[in-house]
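> Can you read through this structure? Questions will come right after.
The values are calculated or read from the model by the stated rules, or taken from the named source; none is laboratory data. Since the structure is predicted, the reported quantities are computational estimates derived from the model, not experimental observations. All Cβ positions, even for glycine, are placed from backbone atoms using ideal geometry, and neighbour counts span all protein chains on display.
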C-alpha cells in the first residue's frame with residue numbers, strides 16, 4: 001500500500017492510527033506497524049493507514065522531526081501526506097488506534113454504532129509495560145529528543161499490538 005493511503009478493502013486486516021494532526025504520532029505508528037507487517041510476511045494481507053482528528057495539516061508532509069526520527073531508526077516516512085479521519089471509514093476498519101484520551105473521545109463520538117466504538121483503542125493499552133501511562137505524549141511543541149522518545153514508545157507498543165493481532169491474521173491467511 002502506498003502513502004496515498006487508500007483503504008485496501010480486500011486486505012484481511014485493516015488498521016488506522018489516528019492522532020490529532022497526522023504529522024507526528026500517527027505517521028510514526030503507520031511506518032513502524034507497516035514495517036512489522038512487511039517483516040512478518042503479511043504485506044498483502046494487512047492494510048495500515050493513518051489520519052488525524054483535525055484538518056489543519058491535510059496534504060502536508062509529516063513534521064520534519066518525525067521524518068528525521070523515523071529515518072534515524074531505519075524507517076521511511078518521507079512520502080507521507082496528512083489526512084483527516086473520515087467517519088465513513090469505520091465500516092471498513094478492523095481496528096482504530098489512538099494516542100490519547102482526547103482522540104479516543106472524538107473517534108468514539110464519530111462512531112455510528114456501538115460495534116464501531118469498540119474498534120477504538122489507546123495504543124498503550126496493548127503494551128503491558130506502558131499501559132499505566134495511558135497516553136503517548138504529543139511531541140509537536142517539544143524538541144527532537146522528545147520525538148525520539150515518542151518513537152521509542154510507539155515502537156514498543158506497536159510491537160506488542162502486532163504480537164496480539166498476529167495470530168488472528170495468521171489464521172485468516174492460512
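> Go through segment 79-101 and report how many residues are touching a helix residue (DSSP H, G or I) at 6+ places or on another chain (Cβ under 6 Å) and either surrounded by fewer than 22 Cβ atoms within 10 Å (Cβ to Cβ) or assigned to a helix (DSSP H, G or I) (or both).
2
> I need the full set of residues from segment 134-174 which are surrounded by 15 or more Cβ atoms within 10 Å (Cβ to Cβ), out of contact with any strand residue (DSSP E or B) (no Cβ under 8 Å at 6 or more places or on another chain) and modelled with pLDDT under 95, in order please.
Across segment 134-174, the qualifying residue is only 166.
> Still on this structure, I have one more. Out of the residues in segment 144-174 that are touching a residue at least 40 places away in the same chain (Cβ under 8 Å) and over 25 Å from residue 41 (Cα atoms), which is farthest from the chain's Cα centre (by Cα)?
Taking the candidates together, the pick is 144.
> Filter segment 57-77 down to residues that are in a loop (DSSP other than H, G, I, E, B) and surrounded by 13 or more Cβ atoms within 10 Å (Cβ to Cβ), then give me how many there are.
The number of residues fulfilling the criteria is 10.
> Here's something else I'd like to know. Would you check if there is a residue in segment 143-160 being within 16 Å of residue 25 (Cα to Cα) and outside any helix (DSSP H, G or I)?
Yes, that holds for at least one residue.
> Then there is this: Among the candidates 65, 34, single out the residue that is within 24 Å of residue 124 (Cα to Cα) and over 14 Å from the mean Cα position of the chain (by Cα).
The unique qualifying residue is 65.
> So, one more: Taking segment 101-137, which residues are touching a residue at least 60 places away in the same chain (Cβ under 8 Å) and more than 15 Å from residue 160 (Cα to Cα)?
102, 103, 107
> Then there is this: Do you know which residues across segment 102-121 are exposed (fewer than 15 other Cβ atoms within 10 Å of the Cβ) and in a loop (DSSP other than H, G, I, E, B)?
112, 113, 118
> Give the number of residues within segment 18-34 that are touching a residue at least 40 places away in the same chain (Cβ under 8 Å), in a helix (DSSP H, G or I) and touching a strand residue (DSSP E or B) at 6+ places or on another chain (Cβ under 7 Å).
6
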